[in-house]
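Report on the following structure.
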Amino acid sequence: MSTSSKRRRTTAFGTAGALVTATLIAGAVSAPAASATTPADGHGHARGWDREARGAAVAAARAARAGIDWADCAADWNLPKPIQCGYVTVPLDYAEPYGKQIKLAVDRIGNTGSAGERQGALVYNPGGPGASGLRFPARVTNKSAVWAKTAQAYDFVGFDPRGVGHSAPISCADPQEFVKAPKADPVPGSEADKRAQRALARQYAEGCLERSGEMLPHMTTPNTARDLDVIRAALGEKKLNYLGVSYGTYLGAVYGTLFPGHVRRMVVDSVVNPSRDKIWYQANLDQDVAFEGRWKDWQDWVAANDAAYHLGDTRAEVQDQWLKLRATAAKEPLGGVVGPAELISFFQSAPYYDSAWASTAEIFSKYVAGDTQALVDAAAPDLSDTVGNASAENGNAVYTAVECTDAKWPTDWKTWDRDNTRLHRDHPFMTWANAWMNLPCATWPVKQQTPLNVKTGKGLPPVLIVQSERDAATPYEGAVELHRRFEGSRLITERDAGSHGVTGLVNPCVNDRVDTYLLTGKVDARDVTCAPHATPKP
């Protein structure tokens, strides 16, 4: 679940050296027509699902014939050679496969091993909704040690999901206006504050309709899963090898439900709870609780390293420093640009990833010691970065469009007010900021769908699930729920750890099992609990 405007959504709520070998796919390679299952969802959607399943089969067969015209990537995509780029054409509406089409940007780098070692393409989604996967092949050009063995066997393939980046991008607001600082304190001090935030949320939803109305009804996870199957076919792959992180796990879960017989290998890392009861309103409330827990983990670590940071030698003392900082920024934004909203956006990287623990603590320490500029530089948006700001606005638009369209949200403000007021009492770090980010869904201007009933289907192979025990963005219970729903899956738990996105970290207990699964298809006889990766040092 990870956008750049709200850093926890990127891949982040929610984002692997070698020459290209002759084993790269040349384009039109035959692949079977897709044949999605029709979910028995109990809500009378069978006829609609049938039409979309047939449309997905038509689109996949068409893509298999067309292949992908690979070429050097455009210079402004900032993807180094020998990464290649191309497009895959998909229907905007799978119920109308011969209607309006959109193009999805894809990229790839060939496997680093021999032709005999190659096992096909490994397709990646980093999360969001709203994050681009095009940086995935750079794990090869950057010579990532964690992914070196897998890269020998697989082409690494990334893509921009529908609405994202170079794939028919959507927008809900002017990018420069969207990132302007400072924003209002997310914690409301009065009913007037709440009314103002509600007005902004409604305005944002209306902006989505005005700027991207044609796309909105089709910005759903099931449609992105269908897109993923069309990409599989265009790559010439009979079955999909897939790595999904954060929201990418929900995309994988939906794909595995719609196309169980098309899955070869699937790794899902940091898992969104796929229960219909969680998608998406309750999932966000669950996040608020988990973020508070991981925020406290960081504060405990800062207190244990007080000799380095001088922020207090107890969690309570570190929290007092945080509350003082928030109060100061609420009274007058730091440097005129950093208020409480910007502070939360910056500091949330610590509960997201422990790789950010030391850098976040260091900047906080400098502020308390009198260096305000370091914090301003780190937390303030760069209004001169028009490209980055457009990307941030696009990511937030896609996040909102997918979550709001995927599922029905409460439309009664009393429900939102009651639930968030109650949660805020004990979990104040993220609760109201999260509420306002999602509130456009309360007045969403297009029909909201019923989430798919995620479950095992015929032909689904063992799925490998990887999860840290104290993940804030995707709480641990989500991995347990997906494990329950996907029969034969295996769950790897990183005990006493909480980083979001485990497979990219150095932990041999996890890394070796991911490699073994992707290279051989083998999983352990039972679920595995791994010791945590190394604790950060100041």
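The values are calculated or read from the model by the stated rules, or taken from the named source; none is laboratory data. Fair warning: this is a prediction, and the values are worked out from it, not measured in the lab. Note that each Cβ is placed from the backbone with ideal geometry, even for glycine, and that neighbours are counted across all protein chains shown.
A few comments on the model shown:
- Among the residues making up the range 140-149, those that are surrounded by fewer than 24 Cβ atoms within 10 Å (Cβ to Cβ) and part of a loop (DSSP other than H, G, I, E, B) are 142, 143, 144, 145, 146.
- Qualifying residue in the range 485-498 (condition: part of a helix (DSSP H, G or I) and within 24 Å of residue 251 (Cβ to Cβ)): yes
- Members of the range 529-538 that are part of a strand (DSSP E or B) and crowded, with 16+ Cβ neighbours inside 10 Å: 530
- Residue in the range 110-139 that is surrounded by the fewest Cβ atoms within 10 Å (Cβ to Cβ), counting only those that are under 19 Å from residue 248 (Cβ atoms) and among the hydrophobic types (A, V, I, L, M, F, W, C): 138
- Pair list, Cβ < 6 Å and 6+ apart or interchain, from the range 255-273 residues that are of a type in the set (Gly, Ala, Ser) to residues that are outside any helix (DSSP H, G or I) and surrounded by fewer than 24 Cβ atoms within 10 Å (Cβ to Cβ): 256/263; 256/460; 261/459
- Number of residues in the range 146-188 that are at pLDDT below 95 and of a type in the set (Gly, Ala, Ser): the value is 2.
- Applying the set (1) part of a helix (DSSP H, G or I); (2) farther than 29 Å from residue 223 by Cα; (3) at pLDDT below 95 to residue 388 leaves exactly one unmet item: (2).
- Within the range 328-382, considering residues that are touching a Lys or Arg at 6+ places or on another chain (Cβ under 8 Å) and in a loop (DSSP other than H, G, I, E, B), the one farthest from residue 307 (Cα to Cα): 381
- Pairs with Cβ under 7 Å, 6+ apart, first in the range 175-193 and surrounded by fewer than 16 Cβ atoms within 10 Å (Cβ to Cβ), second assigned to a loop (DSSP other than H, G, I, E, B) and not aliphatic (A, V, I, L, M): none
- Scanning the range 418-455 for residues that are closer than 17 Å to residue 405 by Cα and polar (S, T, N, Q) yields 438, 443, 448, 449, 450, 453.
- Only residues that are assigned to a strand (DSSP E or B) and not small (Gly, Ala, Ser) were counted in the range 119-137, giving 4.
- Total residues in the range 335-362, condition crowded, with 21+ Cβ neighbours inside 10 Å and either hydrophobic (A, V, I, L, M, F, W, C) or on the phi > 0 side of the Ramachandran plot (or both): 8
- Residues (assigned to a helix (DSSP H, G or I) and surrounded by fewer than 19 Cβ atoms within 10 Å (Cβ to Cβ)) located in the range 299-318: 300, 303, 304, 306, 307, 308, 315, 316, 317
- Flag for residue 411 being polar (S, T, N, Q), at pLDDT 95 or above and either surrounded by fewer than 22 Cβ atoms within 10 Å (Cβ to Cβ) or out of contact with any Gly (no Cβ under 9 Å at 6 or more places or on another chain) (or both): yes
- Condition met for residue 405 (buried (at least 17 other Cβ atoms within 10 Å of the Cβ) and touching a His at 6+ places or on another chain (Cβ under 7 Å)): no
- Scanning the range 275-282 finds one or more residues that are in a loop (DSSP other than H, G, I, E, B), closer than 26 Å to residue 453 by Cβ, among the aliphatic types (A, V, I, L, M) and at pLDDT 95 or above.
- Selection of the range 297-314 for residues being touching a Lys or Arg at 6+ places or on another chain (Cβ under 6 Å) and among the charged types (D, E, K, R) yields only 300.
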